[in-house]
1. Tell me, which residue of the stretch 352-368 that is in contact with a strand residue (DSSP E or B) (Cβ under 8 Å, 6 or more places away or on another chain) and open to solvent by 80 Å² or more (accessible area, probe 1.4 Å) is nearest to LYS285 (Cα to Cα)?
2. When only residues in the stretch 31-60 that are of a type in the set (D, E, K, R) and under 16 Å from the mean Cα position of the chain (by Cα) count, which is surrounded by the fewest Cβ atoms within 10 Å (Cβ to Cβ)?
3. I'd like the full set of residues that are in contact (Cβ under 8 Å) with a residue 12 or more places away in the chain and either hydrophobic (A, V, I, L, M, F, W, C) or assigned to a loop (DSSP other than H, G, I, E, B) (or both), limited to the stretch 51-67.
4. Scan the stretch 15-30 residue by residue and report those that are open to solvent by 60 Å² or more (accessible area, probe 1.4 Å) and either at pLDDT 70 or above or more than 20 Å from LEU64 (Cα to Cα) (or both).
5. What single numbered condition from (1) within 24 Å of the chain's Cα centre (by Cα); (2) over 17 Å from PHE26 (Cα atoms) fails to hold for ILE90?
6. Identify the single condition in (1) touching a Phe, Trp or Tyr at 6+ places or on another chain (Cβ under 6 Å); (2) open to solvent by less than 30 Å² (accessible area, probe 1.4 Å); (3) part of a helix (DSSP H, G or I) that LEU187 does not satisfy, given that it satisfies every other one.
7. Confirm whether ALA310 is open to solvent by 30 Å² or more (accessible area, probe 1.4 Å) and free of Cβ contacts under 8 Å to residues at least 12 places away in the same chain.
8. Kindly indicate which of SER199, SER161, SER175 is touching a Leu at 6+ places or on another chain (Cβ under 7 Å) and surrounded by fewer than 17 Cβ atoms within 10 Å (Cβ to Cβ).
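The values are calculated or read from the model by the stated rules, or taken from the named source; none is laboratory data. In this text, all values refer to a predicted model and were calculated from it rather than measured experimentally. Here the Cβ positions follow ideal geometry from the backbone for every residue, glycine too, while neighbour counts run over all protein chains shown. SASA here: full protein model, heavy atoms, side chains in, ligands and nucleic acids out. Shrake-Rupley method; radii C 1.70, N 1.55, O 1.52, S 1.80 Å.
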Amino acid sequence: MIKKLLILVLVIGFVSCEKESKPEGFVIDGNIDSYFSGREIKLSRIARSGSYTVDSTIITNGKLQLKGKVDSPDLYYIFIDNHPGSLPLIIENERIEIDFHKDTIDASIVTGGKENEVFNVFQSFARPLKKQNAQLAETFKEARSKGDMETMQAVRKTFDSLVKINNDKSIENISKYNDAVTSAIILEDFLMAKVVTVSKANELYNTFTEDVKESRAAKEIKRVIDATLATEIGSVAPNFSAPNPDGEIISLQDIKGKVTIIDFWAAWCGPCRRENPNVVKVYNKYHDKGLEIIGVSLDGTKRQNNPKDAWVNAIASDSLNWHHVSNLNYFNDPVAKLYNINSIPATFILDENGKIIAKNLRGSALEQKISELLD
């Protein structure tokens with residue numbers, strides 16, 4: 001938790017590049033201690049949808065250059081082979097210069113482009129907080145080794161105050177720099193981490209300029225807001241269609257019963273598999289009374305050699321004798337995105353009209369709710 005507070009902190013300066021011709025894409029020129037010559041340096045994008053390297057090169061005589069083109073400004077990271085840490089920066093189609101710090105890569109100086117100028121504003125107030133954060137971590141570690149609960153509680157209280165300062169100032173700057181994609185990037189992170197409510201995120205999103213709303217980050221914010229509002233208790237569950245294990249397209253609309261459970265799970269998900277016997281019990285007890293279940297599998301992680309086999313085998317092994325669908329695309333499954341699923345197991349209970357009447361009930365709570373509806 002302490003490390004997460006200031007993960008984006010770095011020292012960035014800004015100088016005008018008006019005398020330089022604007023590149024078609026981005027060009028990053030870097031200066032670094034010749035000690036690093038011969039090492040590979042990579043520019044990477046790290047995202048929920050997957051991580052990938054945009055460009056890489058070998059450092060030569062303390063110099064390097066990375067190139068590419070982006071559809072819209074976004075957060076990227078630079079990594080140096082056999083060197084700890086990473087350097088976060090905003091990549092836009094501009095000329096960017098980096099003076100690398102030899103010992104601490106995230107203390108490097110990045111200049112160039114409007115977005116990095118704004119990014120620096122977001123990080124500048126966090127630098128002193130980062131130092132306090134590091135001191136708190138050491139104090140907490142020492143207190144824990146001594147069993148000093150009083151000091152540990154005091155550290156947590158101070159940490160919470162730092163978090164609030166950081167969050168409040170960031171939200172203030174999101175509003176102030178509503179014409180910068182960087183603000184959308186920060187808001188996206190806050191929304192996913194539940195630092196802000198969906199209502200607050202929607203309020204801030206609506207202040208963004210039209211250009212910012214066209215960015216990847218802003219579109220993702222809008223998707224999460226819409227999906228969250230559409231799947232609140234009292235809302236009619238969004239309809240969806242997806243293939244079953246035989247390749248047949250199954251629609252939620254076509255299989256709904258007097259009560260319907262939408263169950264997001266996966267063969268690789270331990271908590272899901274441990275909950276399955278309880279769901280089987282409830283299904284066997286209430287299916288004849290009108291209970292239907294549609295399982296939406298989020299199998300398809302790269303760690304699975306054969307996602308479909310894992311999915312089908314788990315269905316058979318756990319005796320899940322109800323409807324099943326999956327696009328075998330992990331959390332990028334369009335149904336998961338439609339319902340804003342960020343963790344599993346996740347369940348939605350619908351009445352006969354398709355209205356969501358409960359969410360994420362497990363164990364005895366699930367059986368009790370179904371009993372209320374069908375007994």
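1. Of everything passing the filter in the stretch 352-368, ARG362 is nearest to LYS285 (Cα to Cα).
2. Step one: list which residues in the stretch 31-60 are of a type in the set (D, E, K, R), which gives 33, 39-40, 42, 45, 48, 55.
Retained after the next criterion (residues that are under 16 Å from the mean Cα position of the chain (by Cα)): 45, 48.
Working: ARG45: 16, ARG48: 11.
Among those that are of a type in the set (D, E, K, R) and under 16 Å from the mean Cα position of the chain (by Cα), it is ARG48.
3. VAL54, ILE58, ILE59, ASN61, GLY62, LEU64, LEU66
4. SER16, GLU18, LYS19, GLU24
5. Evaluating ILE90 over (1) within 24 Å of the chain's Cα centre (by Cα); (2) over 17 Å from PHE26 (Cα atoms) leaves (2) as the failure.
6. Every listed condition holds for LEU187 apart from (1).
7. Numbers: open to solvent by 30 Å² or more (accessible area, probe 1.4 Å): yes; free of Cβ contacts under 8 Å to residues at least 12 places away in the same chain: no.
Considered against the rule, which asks whether it is open to solvent by 30 Å² or more (accessible area, probe 1.4 Å) and free of Cβ contacts under 8 Å to residues at least 12 places away in the same chain, ALA310 comes out as no.
8. Only one candidate passes the filter, namely SER175.
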